[in-house]
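J.: My questions will all concern the structure given below.
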Amino acid sequence: MGNLILASGSPYRQELLNRIASNFQVIVPQVDEDAVKQSGSSPADVASCLARMKAAAVAADHPDAVVIGSDQLVDLNGRILGKPGTAERACQQLLDMSGRSHRLLTAVCVMGPRPGKVRCFLQETVLWMRPLDHQEIAAYVNRDQPLDCAGSYRIEAAGISLFEKIDTSDFTAIMGLPLIQLAAELRSLGVRLL
């Protein structure tokens, strides 16, 4: 079997995959995420489509490899919240989620080796954010700088303090890659882990 490839430039996903696989390559896929996000599809369909597109973009050039594509977004009552990019947008996202629950959708698509072997899944996490005031939000954004995180929080850092409750079957999904199910899917494709 060929090698294992992570189709993502995310340092968080790289760090997570390194927990279960010691030898993998990273290739950043070229996909038009904005077109998919503006398609009018449901948040779950958008995340799943993007994970599949990322995996397919890399798998096309590496048919003997097992390729992992993933995407993550926040679903706030049907509204997609992605990476904020700026402190101002991060503060606004957190204000919008303050005192409310939202769904964190983490989609994964594993392709190969060879065309036809595809395993895709979606991990849903429900998070209840406590009520936050403007000062708390600004202080948090300044501290964690979550500008490259869907939903504008780093759960593995100070962001955990923003929540009252979290419902998930795999905590690693919150950080970008659900390792429990991913490991099972990789083993089913013959990938040796650890």
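J.: Would you mind telling me which numbered condition in (1) assigned to a helix (DSSP H, G or I); (2) farther than 18 Å from Phe24 by Cβ; (3) in contact with a strand residue (DSSP E or B) (Cβ under 8 Å, 6 or more places away or on another chain) Ala107 fails?
T.: Looking at each condition in turn, Ala107 falls short on (1).
J.: Only residues that are part of a strand (DSSP E or B) and in contact (Cβ under 8 Å) with a residue 40 or more places away in the chain: list them for region 125-144, please.
T.: Selection gives Thr125, Val126, Leu127.
J.: Find the residue count for region 9-61, including only residues that are under 15 Å from Leu177 (Cα atoms) and of a type in the set (Ser, Thr, Tyr).
T.: Within region 9-61, residues that are under 15 Å from Leu177 (Cα atoms) and of a type in the set (Ser, Thr, Tyr) number 3.
J.: Here's something else I'd like to know. Mind checking which residues of region 81-107 are surrounded by 15 or more Cβ atoms within 10 Å (Cβ to Cβ), within 12 Å of Cys149 (Cα to Cα) and small (Gly, Ala, Ser)?
T.: Passing the criteria: Gly82, Ala87, Ala90.
Here's the yes/no breakdown for (1) in contact with a Phe, Trp or Tyr (Cβ under 6 Å, 6 or more places away or on another chain); (2) buried (at least 20 other Cβ atoms within 10 Å of the Cβ); (3) at pLDDT below 95; (4) not in a helix (DSSP H, G or I):
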position: Tyr12; (1), (2), (3), (4): no, no, yes, no
position: Ser22; (1), (2), (3), (4): no, no, yes, yes
position: Ser39; (1), (2), (3), (4): no, no, yes, yes
position: Val58; (1), (2), (3), (4): no, yes, no, no
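J.: For region 33-50, does any single residue satisfy the condition of being more than 30 Å from Ser98 (Cα to Cα) and not basic (Lys, Arg)? Before the answer, list the steps.
T.: Taking region 33-50 first, the residues more than 30 Å from Ser98 (Cα to Cα) are none.
There is no residue in region 33-50 that is more than 30 Å from Ser98 (Cα to Cα) and not basic (Lys, Arg).
J.: Look at region 79-96 and say how many of its residues are free of Cβ contacts under 8 Å to residues at least 24 places away in the same chain and in contact with a Leu (Cβ under 7 Å, 6 or more places away or on another chain).
T.: The number of residues fulfilling the criteria is 1.
The values are calculated or read from the model by the stated rules, or taken from the named source; none is laboratory data. What you are looking at is a predicted structure, and each value in this text was computed from that prediction instead of being measured. Because the Cβ atoms are built from the backbone with ideal geometry, glycine has one as well, and the counts that use them run over all protein chains shown.
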